[in-house]
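Comments concern the structure below.
The values are calculated or read from the model by the stated rules, or taken from the named source; none is laboratory data. In this text, all values refer to a predicted model and were calculated from it rather than measured experimentally. Here the Cβ positions follow ideal geometry from the backbone for every residue, glycine too, while neighbour counts run over all protein chains shown. The accessibility values were calculated without ligands, DNA or RNA, using every heavy atom of the protein model including side chains. Shrake-Rupley method; radii C 1.70, N 1.55, O 1.52, S 1.80 Å.
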Amino acid sequence: MLLRHVPTKAATIAATLPIRYRKWQFLPSVNIRNELPFPHSAFVGPRNVVVISFCSSSGASSRLADQLHEYSPKHGSLKPGLYLVGTPIGNLEDITLRALRILKSANVILSEDTRHSGKLLQYYNIKTPLMSYHKFNESRREQVVLKRLKQGEIVALISDAGTPGISDPGMDLAKLCVGENIPVVPIPGPCALISALSVSGLSTDEFTFVGFLPKHAGSRRKRLMVSANETTTQIFYVPPHKLSLFLEESSSFFGDTRHCVIAREMTKLHEEFWHGTLAEANEAFSAHQPKGELTVLIEGQTNTKVETPPEIQLENELRDLISRGESLSTAVKLVAGGTSVSKKTVYSLALRKFGKQLEVEDNSNSK
């Protein structure tokens, strides 16, 4: 392997390409001398590795995309189909060489926000037409896109950030294409939940990705109750203006001592990872609302021995659920499912404490 010394500000990218050269062959020099303060070249070495040395700059980025597209042996040989392309979650440099080639080669790029995605395409000098595709128009767009795919076009789908279809538009279109036997091709890239999990310090052996919680209070609390009793790391996407409510509700189900990690603005200038208990998080974020995208991770349940909760706790949980509109049977099921107390015991308590109240309400509603 050839080792080449480059200045500290330079970056070296090695991309494995299926080029069948038996000897070392030099490709034309990447013509970006105006952006580079040092010698540069592109060559094919052992094991068919193309090495390009360049300086990171906006001008170099667009020229790099052009050169990779020009020299790729796969240029023009992409199969028609839907390509789900992962894009940066903040830092524009976090994009793969393959993703750039797909975006440049596609007939059209479906984009959640064309203005936002336009910045990425402009940075890499990609001229492929954009078509808006978001949660408010995806049902109308599906048949239009499906028709183009059946005509043999290459359609790339990107979200504002990360991997399409993961808490972003794309799932329904992918499902539709699978049903129509249209190829759906993943182009791996950045993903906020995996990035946050990898550096969280919490268990990565198993995890549950919940994503955004439901807006309806009852449905949201049901989901939190289920998550609180799981032994796997729980991962949520939380809007910054809802963080305080999320932490407050989570504490009531997970407990104040459960450890959590709040990842903010990952890969961006103000990237931050906050560690502490849910009680500490409530205290830290009650006074101010953080800015930027948030990924919240909560450790799974670790206590193998479940203590029997006092009757007053069960009563309060039942009262809370019933006051939120849950039926007696549903409230009993939810409370019993989150404790070691039998469903029969909880039901007996519910009848004793709230039976008359519900009977009065049922009579008044029937009149």
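Evaluated against (1) free of Cβ contacts under 8 Å to residues at least 60 places away in the same chain; (2) closer than 30 Å to residue 330 by Cα, residue 217 falls short on exactly one condition, (1). When the range 101-115 is filtered for residues that are open to solvent by 10 Å² or more (accessible area, probe 1.4 Å) and either within 17 Å of the chain's Cα centre (by Cα) or free of Cβ contacts under 8 Å to residues at least 40 places away in the same chain (or both), the ones remaining, listed by number, are 101, 104, 112, 113, 114, 115. If you check residue 210 against the conditions, is it assigned to a strand (DSSP E or B) and either under 19 Å from residue 83 (Cβ atoms) or open to solvent by 20 Å² or more (accessible area, probe 1.4 Å) (or both)? The answer is yes for residue 210.
Within the range 175-197, can one find any residue that is open to solvent by 60 Å² or more (accessible area, probe 1.4 Å), among the aliphatic types (A, V, I, L, M) and modelled with pLDDT of 95 or more?
If we filter the range 175-197 for residues that are open to solvent by 60 Å² or more (accessible area, probe 1.4 Å), which is where we start, we get 175, 178-181, 183, 186, 188, 194.
Pick out the ones that are also among the aliphatic types (A, V, I, L, M) and you get 178, 194.
Add one more test, that the residue is modelled with pLDDT of 95 or more, and what stays is 178, 194.
Looking for residues that are open to solvent by 60 Å² or more (accessible area, probe 1.4 Å), among the aliphatic types (A, V, I, L, M) and modelled with pLDDT of 95 or more, one finds at least one in the range 175-197, hence yes.
Looking at the range 215-231, is at least one residue surrounded by fewer than 13 Cβ atoms within 10 Å (Cβ to Cβ), part of a loop (DSSP other than H, G, I, E, B) and more than 15 Å from the chain's Cα centre (by Cα)? Yes, the conditions are met somewhere in the range 215-231.
Screening 249, 272 for residues that are without any contact (Cβ under 8 Å) to a residue 24 or more places away in the chain, at negative phi and among the acidic types (Asp, Glu) leaves exactly one candidate, 272. Considering the conditions (1) open to solvent by 70 Å² or more (accessible area, probe 1.4 Å); (2) β-branched (Val, Ile, Thr); (3) without any contact (Cβ under 8 Å) to a residue 40 or more places away in the chain, residue 128 is excluded by exactly one of them, (1).
Applying the selection to the range 125-184, what residues are hydroxyl-bearing (Ser, Thr, Tyr) and farther than 17 Å from residue 83 by Cβ?
Within the range 125-184, the first condition is being hydroxyl-bearing (Ser, Thr, Tyr), and the residues that meet it are 128, 132-133, 139, 159, 163, 167.
Answer for the range 125-184, where residues must be hydroxyl-bearing (Ser, Thr, Tyr) and farther than 17 Å from residue 83 by Cβ: 132, 139, 167.
Taking the condition β-branched (Val, Ile, Thr), modelled with pLDDT of 85 or more, open to solvent by 80 Å² or more (accessible area, probe 1.4 Å) and more than 32 Å from the chain's Cα centre (by Cα), does residue 322 pass? No: the conditions fail for residue 322.
Every residue, every condition in (1) more than 19 Å from the chain's Cα centre (by Cα); (2) modelled with pLDDT of 95 or more, yes or no:
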{"residue": "236", "(1), (2)": "no, yes"}
{"residue": "243", "(1), (2)": "no, yes"}
{"residue": "247", "(1), (2)": "yes, yes"}
{"residue": "252", "(1), (2)": "yes, no"}
{"residue": "261", "(1), (2)": "no, yes"}
{"residue": "275", "(1), (2)": "yes, yes"}
